[in-house]
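Data block below; observations after.
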Amino acid sequence: MSRIKLLPDVLINKIAAGEVIERPASVVKELVENSIDAQASRIEVRVEEGGSRTIEVNDNGVGMTAEELRLAVQRHATSKLATPEDLFAIRSFGFRGEALPSIASVAQLTIKSRAAGADSGYQLEIEGGVIKSAAEVGCDFGTYISVKNLFFNTPARRKFLKTSSAEVRRIAEVVESLAVGNPQSAFVLESGGQVLLDLSATADRIERAAQLFGVSNKSKFLHSSREGELFRLEIYLSLPELCRRNRSRVMTLVNNRRIDSKALFAALMSSYGEFLNNGTYPQGVVYLDIDPSLVDVNVHPAKSEVRFSDERTLFHSLYHLVRESLLEGDSTRGLGQIPRRSNPGMMTEEFRQRTRESMRSFFEATTGSGRTAEESLAAIVARPDSEATADSFGSSIDSEDQSAEPQEGAVVHDLNGRAGLKSTIDASVRLYQMAGLYIVALARDSLMIVDQHAAHERVLFELAMKSFHKESITSQQLLFPVAVTLEPADLELFQRERDTLQSLGFSVSEFGPRQVQLEAIPAALGSKNPEKLFRELLDDFSDISGDEKKRFEKKAASFACRGAIMAGDRLSEPAMRALLESLLAAENPYVCPHGRPTILKFTRDELDLKFGRLG
């Protein structure tokens, strides 16, 4: 065993870097926080290759003198702490004095700065923690930092970096988080020459939140506040209709610093409760202004987690603030027409009511709508939440329909194999919809039950997979193009997935800063909410990995799931027939892309056996 000795500075800095600098986004966070602490009114961030090649941060803050600059690249040198008591009243971002030396130890760092009132600036070039050059230079007031070849001397760390696009998304999340809490500064983020974020300075942090989430969406966000004795809560949160599958789109800021808090996140999710569909999260910001002495920010090296002295009070305050805002506002928009599963009694009564409406509509209608089966299917798929019309819904097996048996003299077919499936859509076989979930095909000697969502998923999945082999999907032009404001991460993701979206039948063009315009969507999806569909697919695509074919299969499955008719969507009889015909034409009509069965078949003999009628 070797003797105890002091570690060399280079090794000390690399150990510190391992705690503070996990990835390019960590570098951006530390440098931008320093710019904010330096009172910069404009902060520009530029990255190349996800930040692994180049990260540049330029600000117009107070700058540093030559002496301060030399101190800044040494460990534990800071302007933000003077006494032990300061640790318990921290309002600045950086305070440990480890960021610059940690970054310099694992990258090639150039830093130049000019203090206010100075005639010139000063520049340092550092590689692997060693100063290579120092000189007086001409430069603007403020500080410019360039970080190149991150982890060049720690290849084991470098190989764990994600793809460039994944790293850019994390960088965008960091810049957004800092921008939303610091509206007094303008922020610009560029990646590969593409502007992902350009936010002008504003005196109002709610206005900054609106900038981030799209000013055009402002009416779809709740804004409210509540003041306690030792804290103040303010929220800017989306109505349920704008909820997303990505939980990173909801930010919790404590004294303008983004943090993770299980207690506050639990309070937020509990307050939305039944307003949320499974697997979705609100968007927006929760601002908590609190006495710093009641918060411990020293529980995580990256300062991303905190401890509160009274979590219970904060939990209840946030819960009631959000809950009351949802109940008082117009929060039912976008919830859909089917009650949430959290109230099964209500759902049952709703389905019963719809059954009666469906039966009246079905039997009081004329002999048909004049649409082909394909058109009828497209219509019901396009508008699953549309209002009932006299010809839009088929029979329901929950009804008291006395004509369920096939008419005497009708040709009755068995339901065996693929040929049997084809026979079930003959006009002599009756079709019913059960509980807004299943299609029941009834013949004299057998019956078949089809899961409508799983069946339509299979049809759309195979349609999407054909586009992988260059068979184009027909598009449907929108009567009015839809402008969509994208967050920086989503904008980068859209640019990466543009070809995939086009092959799936979307026509999307860039429309302005952080805006795209939806001009057409897949005809097979009819008039489903174009923006909602587009955003959901982007959310799904962001987490997909694997080889090219495997990635496309996952994208096709996402396309199918998002586009398929849902549980609770009511179908006309022509629409049910069209769906079964489409399922029959599928290469594998028996399971959905996720492996769930689409069809269950019961013959007369099987039923007789179950009821003890055989033998």
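The values are calculated or read from the model by the stated rules, or taken from the named source; none is laboratory data. Predicted, not measured: the structure shown is a model, and the values here were computed from it. Here Cβ is always computed from backbone atoms with ideal geometry, including for glycine, and neighbour counts include all displayed protein chains. Quick note on the areas: whole protein, heavy atoms, side chains included, nothing else; ligands and nucleic acids left out. Shrake-Rupley method; radii C 1.70, N 1.55, O 1.52, S 1.80 Å.
Considering (1) of a type in the set (D, E, K, R); (2) farther than 30 Å from ILE439 by Cα; (3) free of Cβ contacts under 8 Å to residues at least 40 places away in the same chain, the lone condition that ARG613 does not fulfil carries the number (2). Within segment 450-465, being within 24 Å of LYS549 (Cβ to Cβ), surrounded by fewer than 24 Cβ atoms within 10 Å (Cβ to Cβ) and not hydrophobic (A, V, I, L, M, F, W, C) holds for one residue alone: GLU462.
Filtered by the rule that a residue be within 30 Å of ARG535 (Cβ to Cβ) and without any contact (Cβ under 8 Å) to a residue 12 or more places away in the chain, segment 561-610 gives a lone residue, GLY595. One residue stands out among those in segment 579-604 that are hydrophobic (A, V, I, L, M, F, W, C) and farther than 22 Å from ALA524 by Cβ: the one that is nearest to the chain's Cα centre (by Cα), which is LEU600.
The residue pairs whose first member lies in segment 107-132 and is closer than 18 Å to PHE151 by Cα, whose second member is open to solvent by 40 Å² or more (accessible area, probe 1.4 Å) and part of a loop (DSSP other than H, G, I, E, B), and whose beta carbons are closer than 8 Å, counting only pairs six or more residues apart or on different chains, are ALA107/ASN149; ALA107/PHE152; GLN108/ASN149; GLN108/PHE152; GLY128/PHE152; GLY128/ASN153.
Filtered by the rule that a residue be free of Cβ contacts under 8 Å to residues at least 60 places away in the same chain and under 15 Å from ASP260 (Cα atoms), segment 313-326 gives a lone residue, PHE315.
Considering only segment 497-590, give the helices (runs of 4 or more DSSP H) lying wholly within it that have at least 2 residues that are touching a Phe, Trp or Tyr at 6+ places or on another chain (Cβ under 9 Å), open to solvent by 20 Å² or more (accessible area, probe 1.4 Å) and closer than 29 Å to LYS162 by Cβ.
Qualifying helices (runs of 4 or more DSSP H): 548-563.
Would it be correct to say that ARG226 is crowded, with 16+ Cβ neighbours inside 10 Å, within 22 Å of SER542 (Cβ to Cβ) and charged (D, E, K, R)? In short, no. Kindly establish whether ILE103 is among the β-branched types (Val, Ile, Thr) and either open to solvent by 40 Å² or more (accessible area, probe 1.4 Å) or in a helix (DSSP H, G or I) (or both). Taking the combined requirement at face value, the residue satisfies it. The C-beta contact set for segment 286-312 (first residue at pLDDT below 80, second residue open to solvent by 70 Å² or more (accessible area, probe 1.4 Å) and in a strand (DSSP E or B), distance under 7 angstrom, 6+ apart or interchain) comprises ASP296/ARG307; VAL299/GLU305; VAL299/ARG307; SER304/ASP260; GLU305/ASP260.
Here PHE480 meets the list (1) crowded, with 16+ Cβ neighbours inside 10 Å; (2) farther than 25 Å from VAL175 by Cα almost entirely, failing just condition (1).
This table checks each residue for (1) over 14 Å from ARG53 (Cα atoms); (2) open to solvent by less than 60 Å² (accessible area, probe 1.4 Å); (3) at pLDDT 95 or above; (4) in contact with a Ser or Thr (Cβ under 9 Å, 6 or more places away or on another chain).
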| residue | (1), (2), (3), (4) |
| --- | --- |
| PRO155 | no, no, no, no |
| ARG158 | no, no, no, yes |
| ALA166 | yes, yes, no, yes |
| ARG169 | yes, yes, no, yes |
| GLY181 | yes, yes, no, no |
| LEU189 | yes, yes, yes, no |
| GLY192 | no, yes, no, yes |
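Listed by position, the strands (runs of 3 or more DSSP E) enclosed by segment 220-282 that each have at least 3 residues that are in contact (Cβ under 8 Å) with a residue 60 or more places away in the chain and of a type outside the set (S, T, N, Q) are 221-227, 231-238. The residues in segment 16-37 that are at pLDDT below 90 and open to solvent by less than 10 Å² (accessible area, probe 1.4 Å) can be counted, and the count is 3.
From the residues in segment 194-203 that are free of Cβ contacts under 8 Å to residues at least 24 places away in the same chain and under 25 Å from ARG170 (Cα atoms), which one is surrounded by the most Cβ atoms within 10 Å (Cβ to Cβ)? Step by step, filter segment 194-203, then rank; the result is LEU199. Can you tell me which residue in segment 591-615 is most open to solvent (accessible area, probe 1.4 Å), limited to those that are in a loop (DSSP other than H, G, I, E, B) and among the basic types (Lys, Arg)? That would be ARG613.
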